[in-house]
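This report refers to the structure that appears directly beneath it.
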Amino acid sequence: MLALAVRSLVKTYPNGVQALRGIDLEVPEGDFFALLGPNGAGKTTLIGIITSLVNKTSGEVRVFGHDIDSELALAKAAIGVVPQEININYWDSVLNIVTTQAGFYGMTPRAARLRAEDCLRQLQLWDRRRDTGRNLSGGMKRRLMIARALMHRPRLLILDEPTAGVDIEIRRSMWEFLREINQAGTTIILTTHYLEEAENLCRNVAIIDHGQIIERGAMAGVLRKLGAETFVLNLREAVAAAPQLDGYAVARTGDHEIEVEVTKDRSLNEAFAALTAAGLHVVSMRNKSNRLEELFIRLTARSPRPG
Ligand code: ADP
């Protein structure tokens with residue numbers, strides 16, 4: 001069964017902007033799917049159409065087999081959405097926010113109350129149920145939006161930049177949670193700017209640019225298209241010059257810092273082993289560039305620009 005089937009989807013906004021230029025996309029049930037793309041690529045427009053907030057110009061969208069033109073209520077019942085912008089009522093209590101949402105989906109007050117406890121506990125918000133939205137931290141507000149989206153037990157959860165501006169600890173606990181509900185059967189589609197996030201969570205990916213899908217497939221395969229990566233390594237020992245590592249380009253960028261370029265055919269393990277053999281210890285490491293940007297640059301360089 002396909003959780004989502006999109007065919008020849010086109011969106012032209014009234015001002016003439018062609019946000020989507022014929023998108024075809026299939027997401028199987030149970031998948032954890034990443035929708036990646038630079039700003040302005042059309043991701044929010046695509047999600048807006050799937051969730052019926054934006055009218056399409058032409059094309060077809062089916063959610064678990066339900067066409068959004070002819071079976072909108074059934075399609076909507078299958079979807080939970082967590083938008084990019086925080087849109088909770090700041091003056092309402094956490095408990096009310098989620099139970100009101102359940103009401104929109106026809107749940108009885110009693111069922112809503114029981115489900116609310118489940119959802120709020122899962123997202124570590126049960127103790128905050130009497131707080132108003134404005135008293136929550138940024139991370140809690142995002143968790144509340146996820147709890148709200150899950151109230152009617154959607155089979156497909158769509159998250160638009162779920163961890164934008166969320167600190168690393170909360171991001172990781174959100175990943176853990178999303179992984180769990182995916183394993184329990186919920187299909188998840190997320191858009192993100194963090195390649196690390198997509199890489200960590202998602203099995204499949206589509207990359208969208210200028211309203212067209214320019215790459216799709218298994219996450220690992222798409223990532224292999226990235227060539228060399230540069231890592232910034234912090235060393236315990238001070239170095240006066242760049243250490244020589246066979247097969248790697250190394251630059252010294254500080255007393256305790258070097259940059260190592262790792263090409264596709266090499267692994268970081270060998271670089272670490274060579275450094276250890278030279279008596280150097282790596283204390284921490286990070287990617288020099290944003291790999292997602294690198295990927296976009298590589299892919300978009302070969303995709304035709306719309307005239
Ligand atoms: P993304 O989510 O990938 O950043 P969007 O779907 O928001 O991309 O935008 C795709 C294109 O459509 C952009 O060029 C954007 O400026 C344009 N766009 C988005 N919303 C509207 C709107 N309501 N009216 C006109 N143009 C829009």
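What follows is calculated from the coordinates using simple rules that are stated; it is not laboratory data. Values in this document were obtained by computation on a predicted structure and should not be read as measured data. Ideal geometry is used to build each Cβ from the backbone, glycine not excepted, and the neighbour counts take in all protein chains shown.
I'd like the FRET efficiency for Ile297 and Arg224, computed as 1/(1 + (r/R0)^6) with the beta carbon distance as r and R0 of 22 Å, rounded to 0.05. The value I calculate is 0.85. Amide H contacts of Asp209: Ile214, each under 5 Å away and 5 or more positions distant or on a separate chain (H built 1.01 Å from N in the peptide plane; Pro and chain starts excluded).
Only helices enter the 222 nm calculation for the chain: every DSSP H run of n ≥ 4 contributes -39,500 (n - 2.57), and dividing by all residues gives -10000 deg cm²/dmol, rounded to 500. Taking the convex hull of the alpha carbon positions in the chain and averaging its projected area over all directions gives 19.1 nm². DSSP finds beta bridges in region 2-224, and of those with both partners inside it, around 55 percent are antiparallel. Note on region 161-279: along the principal axes its Cα atoms extend 52, 32, 26 Å, ordered by decreasing extent. Counting only residues at least eight positions apart within a chain, or on another chain, the lysines with an alpha carbon under 22 Å from that of Lys56 are Lys11, Lys43, Lys76.
Taking 0.36 nm per intervening residue step and subtracting the Cα-Cα distance, what contour gain separates Arg236 from Ser8 on full extension? Separation in residues times 0.36 nm, less the Cα-Cα distance, equals 76.6 nm.
Globularity index of region 228-302 is 1.17 (Cα radius of gyration / 2.2 N^0.38 Å, N = number of residues).
Translational diffusion of region 84-140, estimated by Stokes-Einstein from the Kirkwood radius over alpha carbon pairs at 10 °C in a medium of 1.306 mPa s, is 138 µm² per second. Here the Kirkwood formula, the inverse mean of 1/r across different C-alpha pairs, assigns region 23-178 a hydrodynamic radius of 16.5 Å.
With a simple spin-label model that places each label point 7 Å from the Cα along the Cα-to-Cβ direction, the separation between Ala273 and Ser58 comes to 5.8 nm. Straight-line cross-link partners of Lys288 among the aspartates and glutamates, defined as a Cα under 15 Å from its Cα and at least 8 positions apart when in the same chain: Glu196, Glu229, Glu257, Glu259, Glu261.
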